[in-house]
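The values are calculated or read from the model by the stated rules, or taken from the named source; none is laboratory data. The structure presented is a predicted model; accordingly, all values stated were derived computationally and were not measured. Cβ sites come from the backbone with ideal geometry, for glycine too, and all protein chains shown count toward neighbours. Accessible surface is based on the protein model in full, side chains and every heavy atom, while ligands, DNA and RNA are left aside. Shrake-Rupley method; radii C 1.70, N 1.55, O 1.52, S 1.80 Å.
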Amino acid sequence: MGRAGDDSRTGRGRGAWARLAPHAAGLAIGAVYVAVLLATAKDVGFARDEGFYFTAAEQYQHWFEAVAKDGKAAVKRDLVDRYWRVNSEHPPLMKILFGASWKVFAKKLHWMSESTAFRFPGMLMAALLLYLVVVFTTSVSDLRTGVFAALALALLPRFFYHAHLDCFDVPITTMWFATAAAFWKSLRSWKWAIACGPIWGLALATKLNAFFIPAVLLLFWAIRYAAEFGLSGDRPGAAPGSTGGRGRIRLPGIPLAFFAMIVIGPLVLLALWPWLWFDTIQRFGGYMGFHQHHPYYNIEYFGYTWFQPPFPFSYPFVMTLITIPFVTSVLAFVGMGDRLVASLRRMLPGIAPLPLETLERERDLKGLNLFLALNLLVPILIIAWPSTPIFGGTKHWMPAWPYIAMFAGFGFRA
């Protein structure tokens, strides 16, 4: 009796550790990464964009100080315009965090230099992404796959560089991944469906890329459930839409997450961006118009300098391959092949049947390959479009990188 009780307690303990292990591993990797970023920050010179964001972050902090002194006066249009006009072509979330970090860690506590304090929130966003990669990858595979995927991402040279900066590229990569992961979980949980709303709202408040996220998720949903758009039923003569009638068109239910995103997401953006509190439509249109008519910068590609479109379609694909470590790319392709084979074995059990446990897991993961592939490809395809301005190199399709790392994790596991 006592031995059975001990085994039961051990089983519960192991179950609790299995649930906690991905979080512990993700937090540990993130903490080490932040420490390395802080230790190497002084060696990374300032990128051109950082100067604009330093200034904007400081101005936004002055507005918050004005709110603390006189809240009613600070929300009037003249003061809002004075402080929030600066860099109004980009959403506010990271600049708010940059400024808060500067105020606390540099000005009050004197723990960091001013430049490092401005950069610190971006480092934390990189750590958060590594944590999310471990946890999400583990949830669809196992812990070693999740840990390897996070390390593969952390050690990408371009990611390591950008993780130091007072910029938005790593943060929007984090928010894209967080939104996508929440959506995947929302397919089985209404709580995660509701959570998609504020998470996407934070993504909207981070960078313009966030507007593409619902399109990717909608495309996934449409393809994933395409079979449910077909004709069904076996009762002749039944009216369209009746239960069981032949010729009935059955549409899959629209995921709750889309409604939460549409309703909550824009409200989060509006709440965080005082610049939009006045002349909302006009100012939002100005924000979108700035990026729609963004100037073209020259880009050199295989010895030829491009000044205007059409740009080469191959650019982001080739640049991805030559800026990611070779072993990571190889493992990513191996992982893609392994996931494809597993899916084919699930769909064609007569050819190469899977073990029962593996088969059940693959059924739970139905659609995962498509989900990861779309989130990987769409950010790259946006830049590959010949008329898209190329003015920032590989950072502009950085949201694809966590999914490359995940496939590398699958390859490592295989």
- Task: Would you be able to say whether some residue in segment 313-320 is over 23 Å from PRO399 (Cα atoms), not in a loop (DSSP other than H, G, I, E, B) and not aromatic (Phe, Trp, Tyr)?
- Result: no
- Can you tell me how many residues in segment 307-317 are farther than 14 Å from LEU381 by Cβ and either at pLDDT 95 or above or open to solvent by 70 Å² or more (accessible area, probe 1.4 Å) (or both)? 3
- Item | Number of the condition not met by GLU89 [criteria: (1) open to solvent by less than 40 Å² (accessible area, probe 1.4 Å); (2) over 23 Å from ALA260 (Cβ atoms); (3) touching a Phe, Trp or Tyr at 6+ places or on another chain (Cβ under 8 Å)] | (1)
- Query: So ALA66 fits all but one of (1) of a type in the set (Gly, Ala, Ser); (2) loosely packed, with under 13 Cβ neighbours inside 10 Å; (3) modelled with pLDDT under 95; what number is the exception?
  - Reply: (2)
- Return only the number of the condition from (1) touching a residue at least 40 places away in the same chain (Cβ under 8 Å); (2) touching a helix residue (DSSP H, G or I) at 6+ places or on another chain (Cβ under 9 Å) that GLY286 does not satisfy. (2)
- Of all residues in segment 38-61, count the ones that are surrounded by 16 or more Cβ atoms within 10 Å (Cβ to Cβ), in contact with a helix residue (DSSP H, G or I) (Cβ under 8 Å, 6 or more places away or on another chain) and in a helix (DSSP H, G or I). 10
- Restricting attention to segment 135-153, report how many residues are surrounded by 23 or more Cβ atoms within 10 Å (Cβ to Cβ) and within 21 Å of ASP169 (Cβ to Cβ). 5
- For LEU124, indicate whether it is in contact (Cβ under 8 Å) with a residue 60 or more places away in the chain, crowded, with 22+ Cβ neighbours inside 10 Å and not aromatic (Phe, Trp, Tyr). no
- Item | Test result for PRO389, at pLDDT below 80 and under 23 Å from the mean Cα position of the chain (by Cα) | yes
- List the helices (runs of 4 or more DSSP H) that sit entirely inside segment 131-225 and contain at least 2 residues that are out of contact with any Cys (no Cβ under 7 Å at 6 or more places or on another chain), touching a residue at least 24 places away in the same chain (Cβ under 8 Å) and within 26 Å of LEU331 (Cα to Cα). 143-154, 157-162, 169-186, 213-224
- Message: Condition first: modelled with pLDDT of 80 or more and crowded, with 16+ Cβ neighbours inside 10 Å. Can you find one or more residues in segment 342-355 that meet it?
- Response: yes
- Scanning segment 187-229 for residues that are among the hydroxyl-bearing types (Ser, Thr, Tyr) and at pLDDT below 95 gives SER189, TYR225
- Message: Here's a check for you: in segment 275-295, which residue that is more than 22 Å from VAL378 (Cβ to Cβ) and in a loop (DSSP other than H, G, I, E, B) is most open to solvent (accessible area, probe 1.4 Å)?
- Response: HIS293
- Item | Test for VAL80: is it assigned to a helix (DSSP H, G or I), free of Cβ contacts under 8 Å to residues at least 60 places away in the same chain and not charged (D, E, K, R) | no
- For segment 19-37, name all the residues that are touching a helix residue (DSSP H, G or I) at 6+ places or on another chain (Cβ under 8 Å) and open to solvent by 40 Å² or more (accessible area, probe 1.4 Å). HIS23, LEU27, ALA31
- In segment 179-199, what residues are open to solvent by 20 Å² or more (accessible area, probe 1.4 Å) and not hydroxyl-bearing (Ser, Thr, Tyr)? TRP184, LYS185, LEU187, ARG188, TRP190, LYS191, TRP192, ILE194, ALA195, PRO198, ILE199
